[in-house]
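A quick write-up on the structure given underneath.
Nothing in this text is a laboratory measurement; each read-out follows from the coordinates by a stated rule. None of the values given here were measured: they were computed from a predicted structure. Here the Cβ positions follow ideal geometry from the backbone for every residue, glycine too, while neighbour counts run over all protein chains shown.
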Ligand SMILES: NC(=O)c1ccc[n+]([C@@H]2O[C@H](COP(=O)([O-])OP(=O)(O)OC[C@H]3O[C@@H](n4cnc5c(N)ncnc54)[C@H](O)[C@@H]3O)[C@@H](O)[C@H]2O)c1
C-alpha cells in the first residue's frame with residue numbers, strides 16, 4: 001500500500017536505484033517513487049528474488065514508468081558496479097540512489113568475531129560507500145543520494161555495537177558526500193529512522209526480551225520513512241545536503 005500525499009509525476013523521467021528493495025523500508029520507498037512516476041532499479045540479495053518480484057509487480061501497478069530488478073549483495077563492490085552499469089545501460093542516467101540495505105546482529109562487543117564485525121560494516125556501511133562512489137562518477141548535477149541510517153547512529157542499546165558503529169559511519173559518509181558532491185551538483189542526505197514496523201524490528205531479540213521498549217505511538221510505518229526519503233530526493237529539498245533527518249516519532253527527544 002502506498003500512503004501519504006503522493007505527488008503525481010514528481011519523479012517522472014527520473015531513475016531511482018533502491019537497495020534492500022525487497023525489505024520493509026526498501027519496498028515502501030520503491031513504491032513511493034513508483035507512484036510518483038520514477039523508473040526504478042530494485043537491488044537486493046539473490047535470496048530475496050521472490051520478494052523483489054512481488055515488489056516489482058506492486059511498483060508496476062503503482063505507476064512506475066520502467067523497472068529493472070537486479071541481484072546485488074551490496075557488500076560486494078563488483079555487484080554494486082554491475083548494478084550501476086546495468087542501470088546506465090538501460091536508462092542512460094541515474095538520478096537518485098537510496099541506500100537502504102542493512103541487517104542487525106545481536107551479541108556483546110567481545111563476542112562478535114572479526115569476520116562478523118567486518119560483515120556488519122560491509123553491508124551496513126561499505127555497501128553505501130560503493131554506491132556513493134559509483135553515483136558520484138555517473139550522476140549529473142541535480143542528482144541525489146539518500147542514506148538510510150538509524151537513531152542507533154546517536155543513541156543505542158547493548159548487543160548491537162557493529163550495527164550502531166556502521167550507522168554512525170553512514171551519517172558521517174553523508175556529510176563527506178555532501179561536501180564532495182557540492183561542486184558536482186549532487187546532494188547527499190540521510191534519514192535516521194526510529195523503530196519501524198518491519199521484519200527487522202520484530203525479529204530483534206532486544207525487543208522480544210523486553211529490554212528495549214517502544215511505546216505504540218513511537219512505532220512507525222515504512223511508508224513514513226519512504227515519504228522522508230522521497231522529500232530528500234526531490235527538488236523541494238534542493239537546499240538540503242549533509243542533513244541527517246531523524247524520523248522516530250519523537251523517541252530521541254523523550255527523557
Ligand atoms: N526497522 C527499523 O526499525 C529500522 C530502524 C532504523 C533503521 N532501519 C534501517 O532501514 C533499512 C531497512 O530496514 P528494514 O527495517 O526495511 O529491514 P528489512 O529486513 O525488512 O529489509 C532489509 C533489506 O536489506 C536486504 N539486505 C540485507 N543484506 C543485504 C546485502 N548484503 N545486499 C543487499 N541487500 C541486503 C535484505 O534482503 C532486506 O530486503 C536498514 O538499513 C535498517 O538498518 C530500520
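Please identify, among 38, 238, 128, the residue showing maximal mean-square fluctuation in a Gaussian network model of the chain using a 10 angstrom Cα cutoff.
Judging by the Gaussian network model, the answer is 238.
Only Cα pairs under 8 Å and at least 6 apart count here; give the relative contact order of the stretch 15-247 as a rounded whole percent.
Answer for the stretch 15-247 is 21 percent.
Neighbouring Cβ atoms within 10 Å as the yardstick, rank 7, 145 fewest first.
With the sparsest Cβ surroundings first, the list reads 7, 145.
Please work out the Cα center distance from the stretch 209-251 to the stretch 61-104, rounded to the nearest Å.
Result: 22 Å between the Cα centres.
Along the Cα→Cβ direction, 7 angstrom out, place labels at residue 47 and residue 86. What is the inter-label distance in nm?
1.9
What 222 nm value per residue comes from the helices of the chain, counting each DSSP H run with n ≥ 4 as -39,500 (n - 2.57) and dividing by all residues, nearest 500 deg cm²/dmol?
Working: 9 runs with 102 residues, N = 255.
So the helix-based figure for the chain works out to -12000 deg cm²/dmol.
So what's the angle, to the nearest 10 degrees on a 0 to 90 scale, between helix 222-233 and the longest Cα principal axis of the chain?
50
Give or take rounding to whole Å, what are the principal axis extents of the alpha carbon atoms in the stretch 15-247, in descending order?
So the three principal-axis extents are 47, 37, 33 Å.
With springs connecting C-alpha atoms under 10 Å apart, model the chain as a Gaussian network and identify which of 115, 79, 197 has the largest mean-square fluctuation.
115
For a label point 7 angstrom out from the Cα of residue 138 toward its Cβ, which stretches of the stretch 34-70 have the backbone nitrogen within less than 15 Å?
Zone members listed by number: 39-44, 67-70.
In the Gaussian network model of the chain, springs joining C-alpha atoms below 10 Å, which of 223, 134, 116 carries the largest mean-square fluctuation?
116
Roughly how tilted is helix 127-138, in degrees to the nearest 10 and between 0 and 90, from the longest Cα axis of the chain?
Helix 127-138 and the main axis of the chain meet at about 20 degrees.
With each label point set 7 Å from Cα along the Cα-Cβ vector, what nm distance links residue 254 and residue 216?
For the pair residue 254/residue 216, the computed spacing is 1.3 nm.
Just to verify a number: FRET efficiency for residue 184 and residue 66, C-beta to C-beta distance, R0 = 25 Å, to 0.05?
0.50
If I model a spin label at residue 175 and residue 154 as a point 7 Å from the Cα along the Cα→Cβ vector, what separation in nanometres do I get?
Those two pseudo-labels are separated by 1.4 nm.
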